[in-house]
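J.: My questions all concern the structure below.
The values are calculated or read from the model by the stated rules, or taken from the named source; none is laboratory data. All figures in this text were calculated on a predicted structure; none of them were measured in a lab. Neighbour counts run over all protein chains shown; Cβ positions are idealised from the backbone, glycine included.
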Amino acid sequence: MSAPSREDEDMEMLNFTVRVPRHLPLGIMELLEKGFTKAAQILARSAALQDLVESSDSVAQLVISQARPGGLMLEDRIGQMATIKEVLEEGDWLTGEDINKLQKKPSAKKSLPANDWKRRGRVFSVLYGGKEYFPRYQFDSVCQPLPSIINISNAYGECADTWPLAIWFHFPNGWLAKQVGNEAEPVAPRDALYRPSDVIKAARNRNGTYVA
């Protein structure tokens, strides 16, 4: 019987437990399992093992790069990215620096007051291409947060990724309507912010999809 290789010994040292959300789809579980297995093999061969392990971002990126999405997951992701692109092109967006410039007395720190408002839940932002953007409809004519935004966001609920929230604001919503002739037509939450109580109710009644 041959002696265990150095890679086998390293693999034994790399045993770890990963917590995942309950009821995760089987396909995603299988992808993650394959990704972690391949990532562990790469880590075991890495000359800079300790440095890589100490960087959670590097490990996460390594796992993702090794987990190849299946057809359905890929199609779903492509659909989401197309929706995000549409929202970006049709929306009006501000950077933190834009918001800073629009203040009566701009702070010397260009990320303020946007970062402070975001931290306190008064506004939200999205990330795209490594840059942060704030939807313009969150602010009044002098670029101050609308008081209703924090209440609407709270009614919508916590979300690690704010893109679903931005998409929810963007598209017509069945829980909001305006009368056009003899018919009621759905309205996008961003266009109904003058009716904050109705938008809050719509946020509470959202059905969990991007477009209500």
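J.: Where in the range 79-161 are there helices (runs of 4 or more DSSP H), lying fully within it, with 2 or more residues that are of a type in the set (Asp, Glu)?
T.: 96-101
J.: If a residue has to be among the β-branched types (Val, Ile, Thr), closer than 17 Å to Thr162 by Cβ and out of contact with any Pro (no Cβ under 9 Å at 6 or more places or on another chain) to count, how many in the range 88-143 make the cut?
T.: Matching residues across the range 88-143 total 1.
J.: Take Phe124 and tell me if it is in contact with a strand residue (DSSP E or B) (Cβ under 8 Å, 6 or more places away or on another chain) and modelled with pLDDT of 95 or more.
T.: For Phe124, the condition - in contact with a strand residue (DSSP E or B) (Cβ under 8 Å, 6 or more places away or on another chain) and modelled with pLDDT of 95 or more - is met.
J.: Residues Pro106, Pro113, Pro69: which one is at pLDDT below 90, out of contact with any strand residue (DSSP E or B) (no Cβ under 7 Å at 6 or more places or on another chain) and surrounded by 14 or more Cβ atoms within 10 Å (Cβ to Cβ)?
T.: Pro69
J.: If you check every pair at least six apart or on different chains, which have Cβ atoms under 6 Å apart with a residue in the range 162-173 that is within 15 Å of Arg204 (Cα to Cα) first and a residue that is not aromatic (Phe, Trp, Tyr) second?
T.: Listed pairs, sorted by first residue: Leu165/Cys159; Phe169/Pro189; Phe169/Arg190; Asn173/Pro186; Asn173/Pro189; Asn173/Ala202; Asn173/Ala212.
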